[in-house]
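Readers should treat all values here as calculations from the given coordinates under stated rules, not as data from a laboratory. If you're wondering where the values come from, they're calculated on a predicted model, not measured in any experiment. Quick reminder, even Gly has a Cβ in these numbers, built from the backbone with ideal geometry, and neighbours come from all protein chains shown.
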Amino acid sequence: MHVVTKTVALLLATACLALAQPAPVLRVDVARPVAEIQPTMWGVFFEDINFGADGGIYAEMVKNRSFEFFKPLMGWKVDGKKRTEGDVLVQNRGDEKSSNPRYLRVTTNGAVAGDLSLTNEGFRGMGIKKGLRYDFAVLYGYPSAGKVTMQLNLLNAQNEVIGTGTLSPDATASADRDGQWHKAQVSFTATATEPKGKLRIGLEGTGVIDLDMISLFPEDTWKGRPGGMRADMVQMLADLKPGFVRFPGGCIVEGHDLEQRYQWKKTLGPIEDRQLLINRWNFEFGHRPAPDYFQTFGLGFLEYFQLCEDIGAAPLPILNCGMACQFNTAELVPMSQIDPYVQDALDLIEFANGDVSTQWGKVRAGLGHPKPFNLKMMGVGNENWGPQYIERLAVFQKAIKAKYPDFKLICSSGTDPNGDRFDYLNGNLRAMNADLIDEHYYRRPEWFLQNVGRYDSYPRNGSKVFAGEWAAQSDDVAKPTNKNNWQCALSEAAFMTGLERNAAVVQMASYAPLFANADGWQWTPDLIWVDNLHVYGTPNYYVQQLYSRNKGTNVLSMTANGQALAGKDSLYASAAWDKAASEIILKMVNVSGKSVNRTVQLDGAKKLARTGTVMLLTNDKLDAVNSFENATAVSPVEQQIPVDSNKKTVAMMLAPRSLSVVRIKVTP
C-alpha cells in the first residue's frame, strides 16, 4: 500500500459530509447468508508463456545450459585469442542418454587467460545484484589425461568484469572411464548491479574436458532453496493469498502436437534427466518470435506442488486428455490407445496423495517430500472441444471416479463463453454431472460490464463453474497492443462482483496469463510484469489482490430497491460475511466519471464497530497503467470510515472510477 494522495484523501474525507445528505439506500442482509464462498474462490493460473518459467520464476540464469536447443550453441558465444577449429565440439550421446544427449567437448591445447572462452547471454541478459552470491555448477568429465581450470567472470553490458570465481575440476574424474559425470561448483559475489549481464567461462590448461548442465543461480531464491525460484516473483503470488494455483497451463498442456504435450512424469527427478521440450509459444506468434523459448522443466511437478504448499494454495494440475491443440494440429490419440493418458491421471493422484508404500507415493518420498500434498482436483484437457473431447473425458471420469469418488474434475467448455461450441459442451457436461465446467473469456471491457449478471440465471444445483481464464482486452484478443490499463481492471472488478454474488455457482476463478517478461513476452495483457531485476503488479493485479484477500466465507444479499447492483447508475456491488474475522465485507465499483453517494443499511447486524476500513483503488484516467518506473501508480490506499453503529448504517462516497472494499467489524 502507499501514502494516500491528496485527491483520494479529499474524496474519502467528504464521505463524512454524506451523512448529512439524503442518499439512496443499499440494503445488506447480514442475518441470512445466501451461499458459501469456497476457499478456492480466487486463485492464480500459471502457464509458461511470456518466459514465465525459464527466464522467469525459475531462477536459472544460464540459457541453454545443456545444449539441447535446436541450435545447440544458441545463447553461447565461443571466443578467444587462440581459438582454433574443432577445439569446441557439440557431442551427441543419442540413445545412450536420450533425455539429455548433447554435451560440449572442449580441447584447451595449453590455453592461458584470454585464449578460449564460452560466454552465455542469459535470458535477454542476466540480472546481477551487487553484493549477492552466485552459485555456479557444471557436470564434467575428462575423456583423457589433462587438467583444465575455469575462470568465471560476471560481465556487465560493457563487458567489464563485475564478479569472479575460479574452478578446477578434479583431473582424476573421467566421464568415459567410469561412466559417470561429476559435479563441480563454486560460489562468488557480484561487485556491481547490472540488468543485462553475461557469464564468461575462460578455459585454461592442457587437456580435453566434457561439459554439461552449466548453471548459475543467485543465492536469494525463494526460501533460499538451491536451484529454486525467483523470490520476488513468488512473493507476488504469496501476497495475493490465492486459494489455488492452476498449472502448468494452458496450451502447453496440449502441445502443438502430441509429441510436444506436457508429460508430468518427465519433469521429476534430477534436473539433468528432465528432457527439454520446445515451448509451443516459441513459434506461435509471428509478431513476437521467440526462437530461444524452450522448457527445461527445472520447474517441474514436484516444484509446482511445493509452491502451492509454500503459499497455502490448493494445487490444480491440468493433464492432457489425448488431444493436441485444436488450433494447431487437432491431433488425437485413438480411443484404443487412451489408457496410458488415463493412467497418468491416476498415477498423479497417487503421487500427490499416496502413502509412501504405494508406487508413486514412494517416488514422491524419494524426492524429499514424504508428506502428501492433499490433491483434491485436476483438470482433464485444456480448452478442448467437440464430441471427441466428450468421448475421451468420459473415460477419464469413469476411471478416476471409480477409484476416487470424491475427487473433483475440471472439464473444458472450449475457448469461448457462448456460441454453438460452448452450448454443445455445456449441455453435455451438465448431462455427465461434471464437477466443474471451465469457462474462458478474453473480451473487451464492455463485455465484462454487460455480463456481470451472467451467472444470475445459472442453476444453483448440479455442475459448478470455474472461470479458469479471463482478462479484459483493451484492443482485441492476443493483440500486442493490449494494455493492462485501469479501464480493463475496473471492468474486471465490476464483473467479479457478479462472480461473488453467484458463489453458489462459481466456485473458482483466475485471471490469465499470470507473468510476462518485459523483454520476451508473446501475449498481453498479463497480471504481473518482470524484467531481470524487478517485478510489478498491474492495476489488474491489485483488483485480484483486493478480492482474494477480502474473500469472506458467505455471500450476503446486497440490493437497491430489491435488485442486485449490476450496473444501474454505473454501480456494481457484492457483500460477504467473514466468519473467522466476524466482519462484513462490501465490494463496490463505480465505473462512472462522477462520485456517487450511497447509504448502506446493514440489516440484521448486531453491534458494529464505530469505524470500518476502506481499501480504495482508483485513478482519474482510464488509460492509466503501472510500470517499472511507477509500480504503484494504480494501487490501493487505506482509510478509516465512520460507521453509525446505532442506525447500523455506513455512508459511502464512491470515488469516480473506483473499487472500494469495506470491512466492518461486528463486535460481541
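Counting DSSP beta bridges with both partners in the chain, what percentage is antiparallel, nearest 5?
Numbers: 106 of 145 bridges.
Within the chain, antiparallel bridges account for around 75 percent of the total.
Choose one of Met496, Val662, Phe136: the residue whose Cα lies farthest towards the positive end of the charge dipole of the chain (beta-carbon charges +1 Lys, Arg; -1 Asp, Glu; about the Cα centre).
The one lying farthest along the dipole's positive direction is Val662.
Whole-Hz ³J(HN,Hα) for each residue in the stretch 49-59, computed from phi via Karplus 6.51 cos²θ - 1.76 cosθ + 1.60 with θ = phi - 60°, x for glycine and proline: what do you get?
Along the stretch 49-59, the couplings run 10, 6, 6, x, 9, 5, x, x, 5, 7, 7 Hz.
For Asn554, what residues show an amide H to amide H distance below 5 Å, using hydrogens built from the backbone and excluding near sequence neighbours?
Those qualifying (amide H under 5 Å, at least 5 residues apart or on another chain) are Ile37, Trp577, Lys579.
Starting from 0 in steps of 5 Å, tell me what percent of the Cα-Cα pairs of the stretch 76-218 lands in each bin.
So the P(r) values, bin by bin, are 2, 10, 19, 22, 19, 15, 9, 3, 0.
For the stretch 496-629, which semi-axes, largest first and in whole Å, follow from the square roots of 5 times the eigenvalues of its Cα gyration tensor?
Values: eigenvalues 197, 60, 45 Å².
The answer is 31, 17, 15 Å, longest axis first.
Would you mind checking which residues have amide H under 5 Å from Leu26's amide H? H placed 1.01 Å from N; only 5 or more apart, or other chain.
Under 5 Å from the amide H of Leu26 lie the amide H atoms of Thr599, Val600, Gln601, each far enough along the sequence or on another chain.
Please report the equivalent ellipsoid semi-axes of the stretch 134-242, computed as sqrt(5 x eigenvalue) of the Cα gyration tensor, largest first, in whole Å. Please report the intermediate quantities before stating the final value.
Working: eigenvalues 197, 73, 16 Å².
Output for the stretch 134-242: semi-axes of 31, 19, 9 Å.
Each residue of the stretch 568-575 in turn: what ³J(HN,Hα) in whole Hz from Karplus with 6.51, -1.76, 1.60 and θ = phi - 60°, glycine and Pro shown as x?
Running phi through 6.51 cos²θ - 1.76 cosθ + 1.60 with θ = phi - 60° gives 5, 6, 6, 10, 9, 7, 8, 9 Hz.
What does the charge dipole of the chain about its Cα centre add up to, to the nearest 20 debye, if the Cβ of each Lys and Arg holds +1 and the Cβ of each Asp and Glu holds -1? Before the final figure, lay out each step's value.
Working: 70 positive and 71 negative charges, 425 e Å.
Once rounded to the nearest 20, the dipole reads 2040 debye.
Place +1 on the Cβ of every Lys and Arg and -1 on the Cβ of every Asp and Glu in the stretch 76-218, take the dipole about the Cα centre, and give the residue among Gly146, Ile214, Asn100 whose Cα lies farthest towards its positive end.
Ile214
If the cut-off is 28 Å between C-alpha atoms, which lysines fall inside it for Lys483, apart from same-chain ones fewer than 8 positions away?
Lys6, Lys196, Lys241, Lys551, Lys568, Lys587, Lys594, Lys621
Can you list the HN-Hα couplings for the stretch 520-536, worked out from phi with the Karplus curve (6.51, -1.76, 1.60; θ = phi - 60°), rounded to whole Hz and with x for Gly and Pro?
x, 7, 10, 9, 10, x, 9, 6, 10, 10, 9, 10, 5, 10, 10, 8, 8
Give the long-range amide H neighbours of Gly322: residues separated by 5 or more places, or on another chain, with amide H under 5 Å away, using H modelled in the peptide plane at 1.01 Å from N.
Distant-sequence amide H within range of Gly322: zero hits.
Which residue, Pro169, Ala231, Leu118, has the largest displacement toward the positive end of the dipole of the chain when charges sit on each Cβ (Lys, Arg +1; Asp, Glu -1)?
Ala231
Less than 13 Å Cβ to Cβ from Ser99, Lys/Arg counted +1 and Asp/Glu -1: what total charge do the surrounding residues give?
On the way: positive: Arg93, Lys97, Arg102, Lys265, Lys266, Arg274; negative: Glu68, Asp95, Glu96, Asp212, Glu272, Asp273.
For residues surrounding Ser99, the net value is 0.
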